Structure formats: structure tokens, C-alpha cells
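Here the structure comes first, spelled out in C-alpha cells, and everything after it is commentary.
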Amino acid sequence: MFDFISIGAATTDIFLKSPSLLENKRFLSLKKSSKNEVTESLICSGGGATNSATTFSRLGFKTTLISLIGDDPLSEYIKRDLIKEKISQEFLVVSKNDQTDFSLVLVSSNGTRSILTSRGSSRLGSKDIPWDRLKTKWLYLTSLEGNLPLLEELIGFSKENNIKISLNPGLRELKQRRQLLPLLKHLDFLLLNRQEAEILVNINYKNSSFYDKLRSLSPIVAVTNGRFGAKILTPKETLFSPIINIHPNDETGAGDAFGSAFVAGLMKNLSLDQCLSWAIHNSGSVVSALGAKTGILNLKQILDVTKIK
């Protein structure tokens, strides 16, 4: 029996910081035909499934993930990190005819980043899920690369087996919003950033009905808004927290850190206020360091910074 099974993307991420990156309000750019120095770099695993699983494991939960990787050198970075983080690999799916997804992350001096991603040709399907061995208390779903039939199947399985379920949908799911919306009421927790929320409800966040539309979708909805903090919405209340790190080094993985820490708090039977505190501190720590996992807090650290016993 696992406490958490994370399902979704596993990637190899290559992070680069360079003073040669030119910044304005809309673009990060490099001069054409130039050679530039790199001041910081990191190669590590990434993707919503490995990032969230790392939070769960560091917080002391028995954790595994279901992700698709290739049989190539890039996959070794993922396997290495899973071993380091004590995350079970028993459900990892290796496709011998595909390459592991990877991302090149260009990070600016103020922590904003632009990401170039190469996706493999395959995506998780129902055949990749070990249904008869899916023994867990929570399913934590990240992007399924638009596979809504699989999402519906996972939701149905969770309800039949008394498993709680969380979703942080990817863009390919959100582009099918009409098919996605009816499924959300069956979730226990829904995580969105502001832009994702706007796509889902088809309303600008400045509209007075924006948050009311969102709170009706799932029992608990989290909406993160970058440096403007985050809100937790339920049918009866709205909670808000500002960010705690105003000088980010790299914003990659902030959403994964927020959502997984919040759900970990629910597993610990914390109040929604306390869950929000766990989430905002974990994401604040993550953006203080290069990479999506470097700053993830362990249980002692998160208890120390949140003062929650």
C-alpha cells in the first residue's frame, strides 16, 4: 500500500543561467550567431510526476510514480534521482522505441524562465497502468498529454476503490475543456495557475464571477498566481496567502511544489489554512534554488518554517 502514486510526466531537465540572456517584458533572447558563457547549470529529472513524488517522499510518505520514459541515456538521470529520493520505480514504464522527454530551461536573472520541451512520440495509456496493483491512499495526477479517456478511467477507479484523487491538468487537457469540466466534480483537489484557470472557465481573472466559477468545479480548488500569491477556494470559503520569497532564483517547479505539499497536508489531516502554509513555504523554497527539486523541503524543514506540529 502506497500513500501516494504520482501519475504524469517524467523528463530530464537542463537548466542554464547566463548574463547574456537579454530580457524585456515579453522575451528572453540571445544575440544571433553569438557564443555565450553559462554562470549556472543543472541536469536533473523533472516533470510533474517526479517533482510531486519527491515532495511526498521527502515528507515521509511511501511513494511511487507511473511515468513513461525511453530506454536511452537521458532516462538515467530520472532513475538516478528516483533512487536518491527513495521513490519506488516498480511502476515506471520504459518504452524501448521512444526517447525520454527533455526540456531546456533558460532562466533569467530575476528567476523567470522560458522552456523548450521535446516530447516523445508515446504517452501513458490504460495499458500502462497496473490496475490490479494500484493500492494507494491518493492518486496525484499531472499532465496526461491530453488523454482524457485515461483520466476518466483513473477517476472511476479511485471512486470504486475509495482512493482520493488530485489533478493538475496540462495544456492538452485544458484544450478539451468541454469534455474535462464534467470530470472535475469527482476530484478531491484541483490545482491550477491563473492562466490555466482562465482557459478552463473561459473568463478573464478580472471578471467578478471568475472565482465563483472556479469554486464550483471541485470540492477544493487552488489557484496560484505567481508572485501575487495563491488562493484556496471551497464552496464555503476563500483563503489567500502571499508568496514568501520575493527574490526567486528559478520559478520552475513552483506549482508542483505547491500542489503536492498542499495534498500532503490533507493527508496529515491539517486544516486548509495549514495546508496552504505548507504549500506556500514549499513552493517558496523551490524557487530559491535552481531546478524544480533542489529546494523541496523535508518534513523537519517544513514543520520548522510553518510552526505546525
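The values are calculated or read from the model by the stated rules, or taken from the named source; none is laboratory data. Just so you know, these numbers come straight off a predicted model, no measurement behind them. With ideal geometry, Cβ positions are generated from the backbone for all residues, glycine too; neighbour counts draw on all protein chains shown. Only protein heavy atoms, including side chains, enter the accessible area calculation; ligands, DNA and RNA are left aside. Shrake-Rupley method; radii C 1.70, N 1.55, O 1.52, S 1.80 Å.
The aspartates and glutamates whose alpha-carbon is closer than 20 Å to the alpha-carbon of LYS159, local same-chain residues fewer than 8 away aside, are ASP3, ASP128, ASP132, ASP188. Considering amide H positions built from the backbone, and no H for Pro or chain starts, which residues 5 or more places from THR136, or on another chain, come under 5 Å of its amide H? Here PHE2 satisfy the definition.
Scattering from the chain was approximated by placing one identical point on each alpha carbon and applying the Debye formula without solvent; log10 I(q)/I(0) at 0.07 1/Å stands at -0.25. In the context of the full set of protein chains, residues of segment 107-199 present 48 Å² of accessible surface per residue (probe radius 1.4 Å, heavy atoms only).
Across LEU124, LEU42, LEU82, mean-square fluctuation computed from a Gaussian network of the chain (C-alpha pairs under 10 Å connected) peaks at LEU42.
Got a number for carbon plus sulfur as a percent of segment 140-224's accessible area, 1.4 Å probe?
Roughly 46 percent of what the probe reaches on segment 140-224 is carbon or sulfur.
Counting only the Cα atoms, segment 172-309 fills a convex hull of 109 Å³ per residue. Count Lys and Arg as plus one, Asp and Glu as minus one, and take only other residues whose Cβ is under 11 Å from that of SER103; the net charge is then 0. Based on C-alpha pairs under 8 angstrom that are at least 6 apart in sequence, segment 42-164 has a relative contact order of 21 percent. Between exposed chymotrypsin sites (Phe, Trp or Tyr not before Pro) in the chain, where DSSP calls loop and at most 16 other Cβ atoms lie within 10 Å, what's the longest gap? The longest such stretch corresponds to 28-204.
Ranking ASP132, ASP101, ASP71 from most to least accessible surface, computed with a 1.4 Å probe over the protein chains only, gives ASP132, ASP71, ASP101.
Of ASN225, ASN193, ASN97, the residue with the greatest mean-square motion in the GNM of the chain, using alpha carbon springs below 10 Å, is ASN97. Restricting segment 199-250 to trypsin sites (Lys or Arg not before Pro) that sit in a DSSP loop and have at most 10 other Cβ atoms within 10 Å of their own Cβ leaves LYS206, LYS236. GluC sites (Glu not before Pro), restricted to segment 28-84: which are DSSP loop and have at most 16 other Cβ atoms within 10 Å? Hits after loop and neighbour filter: GLU37.
Partners of LYS35 within straight-line reach, counting aspartates and glutamates whose Cα lies under 19 Å from its Cα and excluding those fewer than 8 residues away in the same chain: GLU23.
The trypsin sites (Lys or Arg not before Pro) of segment 108-165 that DSSP puts in a loop, and whose beta carbon has at most 11 other beta carbons within 10 Å, are LYS135.
Would you work out what percent of the accessible area of segment 248-309, with all protein chains in place, is carbon or sulfur (probe 1.4 Å)?
53 percent
Anything over 29 Å Cα to Cα? Flag those among LYS17/LYS175; LYS84/LYS231; LYS137/LYS300; LYS79/LYS175; LYS17/LYS84; LYS86/LYS135, in the order listed. Those over the limit are LYS17/LYS175; LYS84/LYS231; LYS79/LYS175.
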